[in-house]
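Here the structure is laid out as structure tokens; the discussion comes afterwards.
The values are calculated or read from the model by the stated rules, or taken from the named source; none is laboratory data. Since this is a predicted model, take the numbers as computed values, not measurements. Methodologically, a virtual Cβ is constructed for each residue, glycine included, from the backbone with ideal geometry; neighbour enumeration extends over all protein chains shown.
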Amino acid sequence: MTTSVQWAVLLPLLVGVLVAACDVATFLHARGVVQQAASAAAWAEGRVDRRPGAAHREVHGLMRPTAIEWFDVSAEQDATHVAVTVEARVRLISGGRSVAVSASAPRERAL
């Protein structure tokens with residue numbers, strides 16, 4: 001095989017590996033941001049002086065500067081506990097597909 005043929009075969013393979021690595025890194029970063037957002041939102045929602053929409057505001061502040069294109073926040077509460085779930089969609093580099101990322105964080109309410 002000549003050198004030009006080797007590069008013609010290897011270059012697309014290397015580009016594919018690089019794009020896949022970028023997709024994995026994007027997904028892992030988004031998962032970390034969503035987990036952090038769920039934890040921060042559960043803390044905000046469980047505070048004694050909580051205002052309506054505290055969890056959503058907390059998540060929005062963390063998600064704004066990221067590549068996450070859509071997110072939803074839901075909170076479940078009872079007298080002693082709070083559970084916040086954050087669901088998000090992040091666009092990958094390869095093919096413009098989106099993948100779902102979600103995290104849930106329980107917390108005791110401050111009494």
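Restricting to region 34-55, and then to whatever is part of a helix (DSSP H, G or I) and free of Cβ contacts under 8 Å to residues at least 40 places away in the same chain, can you tell me which residue is surrounded by the fewest Cβ atoms within 10 Å (Cβ to Cβ)? Break it down stepwise before answering.
Let us first name the residues in region 34-55 that are part of a helix (DSSP H, G or I), namely 34-46, 54-55.
Now restrict to residues that are free of Cβ contacts under 8 Å to residues at least 40 places away in the same chain: 36, 40, 44, 54-55.
On the way: 36: 16, 40: 18, 44: 22, 54: 18, 55: 27.
So the residue we want is 36.
So, of the residues in region 68-97 that are in contact (Cβ under 8 Å) with a residue 12 or more places away in the chain, surrounded by fewer than 13 Cβ atoms within 10 Å (Cβ to Cβ) and of a type outside the set (D, E, K, R), which turns out to be farthest from residue 42 (Cα to Cα)?
94
Evaluate region 10-29: report whether one residue or more is more than 28 Å from residue 93 (Cβ to Cβ) and either surrounded by 11 or more Cβ atoms within 10 Å (Cβ to Cβ) or among the polar types (S, T, N, Q) (or both).
no
What is the number of the single condition among (1) touching a strand residue (DSSP E or B) at 6+ places or on another chain (Cβ under 8 Å); (2) loosely packed, with under 15 Cβ neighbours inside 10 Å; (3) at pLDDT below 90 that residue 100 does not meet?
(3)
Is it true that residue 20 is assigned to a helix (DSSP H, G or I), of a type in the set (A, V, I, L, M, F, W, C), within 29 Å of residue 71 (Cβ to Cβ) and in contact with a Lys or Arg (Cβ under 9 Å, 6 or more places away or on another chain)?
No.
Counting only residues that are hydrophobic (A, V, I, L, M, F, W, C), within 14 Å of residue 34 (Cβ to Cβ) and over 11 Å from the mean Cα position of the chain (by Cα), how many does region 57-79 have?
Here the count works out to 1.
Being more than 11 Å from the chain's Cα centre (by Cα), in a strand (DSSP E or B) and not hydroxyl-bearing (Ser, Thr, Tyr) narrows it down to one residue among 82, 90, 101, 86; which is it?
82
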